[in-house]
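Colleague: Got a structure for you, questions after.
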Amino acid sequence: MDFNFLKILFSLPEHLIEPITFLPDFLKEALIESLNLLPFLFLMFVFIEWIEIYFTKKKHLFVFFMKKVGPLFGSLFASIPQCGFSVIASTLYTRRILSRGTLLAVYLATSDEAIPIIISEPAKAYLVLPIIIIKIFMAIIAGYLVDLFLNYKANEPEQLNKDDIKLHEKGCCHHEIDEKPNSNVLWLHPIKHTFNIFVFILIVSICLGYILSVVGTEENLAKYCLINSPLQPIIASIIGLVPNCAISVLLTLLYLKHTISFGSLIAGLSSAGGLGLLILLTRNKDKKDTAIIIFVLILISSIVGIILQNNVFNINHIFTIFGINV
């Protein structure tokens with residue numbers, strides 16, 4: 001591999017943008033940082049596209065194991081960086097094929113766009129492991145506890161026949177996942193998704209850059225965002241409910257800018273069920289059941305976020321053994 005070529009490639013945005021004198025510094029920095037992420041994001045989304053297609057072909061096995069193993073299986077597969085599983089899980093739950101605990105485990109383990117963005121910054125890639133481990137562990141325990149103690153029986157769907165069991169998955173960016181895609185689709189959607197996430201990252205980076213230019217430092221911005229306050233994980237978990245991948249982009253960038261705590265990042269990403277929450281809100285006929293699920297999702301996400309933020313029981317020490325400081 002020609003590393004000189006890669007070095008030139010990643011320095012190209014800086015060489016092109018720095019000479020533009022009429023742009024403010026914060027805008028230049030946002031453009032350079034966002035453009036540097038493009039190659040990494042595209043490669044990640046090509047990989048994710050193949051994963052979604054593969055599991056769409058095996059969805060009958062996915063449904064089988066989700067029913068039999070429940071929260072354990074659901075949390076493990078939901079930890080793969082994509083949003084299709086939360087959509088499938090929500091669809092199955094609204095037809096009462098899955099348990100409430102399994103659905104919550106899928107939501108809690110889903111990371112949406114956070115993992116690709118963190119991996120795109122090699123200096124921060126070490127954070128991927130603790131994020132995935134914490135979310136899976138939390139999802140498994142919470143899922144089984146909910147199934148064991150939350151006894152409210154949701155109303156059955158009004159009609160249920162064989163045709164209703166067919167899953168019509170929509171992946172990220174609301175695209176249809178085809179079991180037999182042509183070669184154009186395999187490249188077209190990752191390009192579209194990369195562009196969408198690039199725009200999200202650019203907008204958030206510009207906004208943060210402008211705010212930093214006003215408040216002065218990241219430390220000052222962190223104070224305005226209630227850093228280390230118990231309210232921050234709670235607020236992050238509520239923000240995470242917005243069913244759009246832009247929210248996970250926002251939370252991840254805020255953490256990478258040292259504006260929110262690691263606990264708040266976990267809280268926000270844990271409540272971020274993505275498009276799955278939208279499916280639940282629109283298709284679950286029992287609105288009380290939906291309210292219970294969302295309340296429990298916020299409660300668990302907030303509690304775990306506060307525990308991590310305040311290092312209760314010295315829990316963060318577990319990762320220092322592996323040289324990871326969260």
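Rule-based calculations on the coordinates, nothing more; no lab input. Worth saying up front: this structure is predicted, and the values here are computed from it rather than measured. Quick reminder, even Gly has a Cβ in these numbers, built from the backbone with ideal geometry, and neighbours come from all protein chains shown.
Colleague: Using a simple spin-label model with points 7 Å from Cα along the Cα→Cβ vector, what separation in nm is obtained for Ile203 and Leu43?
Modeller: 2.8
Colleague: To the nearest 0.05, how large is the calculated FRET efficiency for Glu18 and Phe149 if R₀ is 56 Å and r is the Cβ-Cβ distance?
Modeller: Rounded to the nearest 0.05, the efficiency is 0.45.
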